[in-house]
Amino acid sequence: MKFKVLVLAHLSMVGLHAISIDTSKVNVVWTAYKTPAKAAVSGTFKDIEFKFGKKKDSIATTLEGASATIDPMKVNLNDDVKNANLRDFFFSKFSKKEIKVTLRDVVEGKDQGTILASVKMNGKTNKVPMEYKIENGVLKARGVLDLSEFKLSEARANLQKAVSDLHEGMTWSQVTIGFEAPIKK
């Protein structure tokens, strides 16, 4: 009986220190790069459909198997001209007009961890390793994908040609992808 009481007390103490993410406030972010100096252009998408793990008692259980379904035509750079350029000259060239991201192999450490994101874009799926850190009560996860791995070299070249002056003739194939979410205890 004494052992059961100790185990229950330990489990309740562990539960007091468990942290997870606030799934109602997840924000997807991405950063593309232009110009030879690799100037950053950051944005997100509107109306992303999220699904999270069934158990939400830790970061790992919340993120394991979580997914985001994104309509790339709802790109949002907080600039109507840039939004139209990306829609008309890049995303419109996709063979499939949906981006799907599924998170797997979540490893949760102390205020940091790793995630393997399975990204399906333009009908092709690739794995993108991501790392996350928790700072100031916010989880920030980042990884880098290469557009050429998704058969998007022609779409990138089309965008580069359309906005050549603005990009100084260069649109990089690497894109930093990620998400941010507040932590809840």
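Can you name every residue in the range 35-58 that is surrounded by fewer than 18 Cβ atoms within 10 Å (Cβ to Cβ), more than 19 Å from VAL119 (Cα to Cα) and touching a helix residue (DSSP H, G or I) at 6+ places or on another chain (Cβ under 9 Å)?
Result: THR35, ALA39, LYS54, LYS55, LYS56, ASP57.
Considering only residues that are surrounded by 14 or more Cβ atoms within 10 Å (Cβ to Cβ), closer than 30 Å to LYS133 by Cβ and more than 15 Å from the chain's Cα centre (by Cα), which ones fall in the range 70-89?
Hits for the range 70-89 are LYS74, LEU77, LYS82, ASN83, LEU86.
Going by what's in this entry, would ALA32 be described as modelled with pLDDT of 80 or more, open to solvent by less than 40 Å² (accessible area, probe 1.4 Å) and closer than 27 Å to GLN160 by Cα?
Numbers: modelled with pLDDT of 80 or more: yes; open to solvent by less than 40 Å² (accessible area, probe 1.4 Å): yes; closer than 27 Å to GLN160 by Cα: yes.
Here the answer is yes, as ALA32 does meet what is asked.
So THR61 clears everything in (1) open to solvent by less than 30 Å² (accessible area, probe 1.4 Å); (2) β-branched (Val, Ile, Thr); (3) out of contact with any Pro (no Cβ under 8 Å at 6 or more places or on another chain) except one condition, right? Which one?
(1)
Among the residues of the range 141-172, write down those that are among the basic types (Lys, Arg) and open to solvent by 90 Å² or more (accessible area, probe 1.4 Å). Before the answer, list the steps.
Taking the range 141-172 and keeping what is among the basic types (Lys, Arg), we get 142, 151, 156, 161.
LYS151, LYS161, listed by residue number.
What pairs come out if I take residues in the range 120-148 that are closer than 12 Å to VAL101 by Cα and among the charged types (D, E, K, R) and pair them with residues that are open to solvent by 60 Å² or more (accessible area, probe 1.4 Å) and not in a strand (DSSP E or B) whose C-beta lies under 7 Å away, six or more apart or interchain?
LYS124/LYS151
Looking at THR44, THR31, THR62, THR102, which one is outside any loop (DSSP other than H, G, I, E, B) and more than 23 Å from ASP146 (Cβ to Cβ)?
THR62
Quick one: in the range 109-124, which of the residues that are modelled with pLDDT under 95 and more than 26 Å from VAL163 (Cβ to Cβ) is least open to solvent (accessible area, probe 1.4 Å)?
GLY109
Among the candidates SER95, SER67, single out the residue that is open to solvent by 20 Å² or more (accessible area, probe 1.4 Å) and either free of Cβ contacts under 8 Å to residues at least 40 places away in the same chain or of a type in the set (Ser, Thr, Tyr) (or both).
One residue alone meets the criteria, SER95.
The values are calculated or read from the model by the stated rules, or taken from the named source; none is laboratory data. Quick caveat, the model's predicted, so the values are computed rather than measured. A quick note on method: Cβ atoms are made from the backbone with ideal geometry, for glycine too, and the neighbour counts reach across all protein chains shown. What goes into the accessible areas is simple: the full protein's heavy atoms, side chains included, and nothing from ligands, DNA or RNA. Shrake-Rupley method; radii C 1.70, N 1.55, O 1.52, S 1.80 Å.
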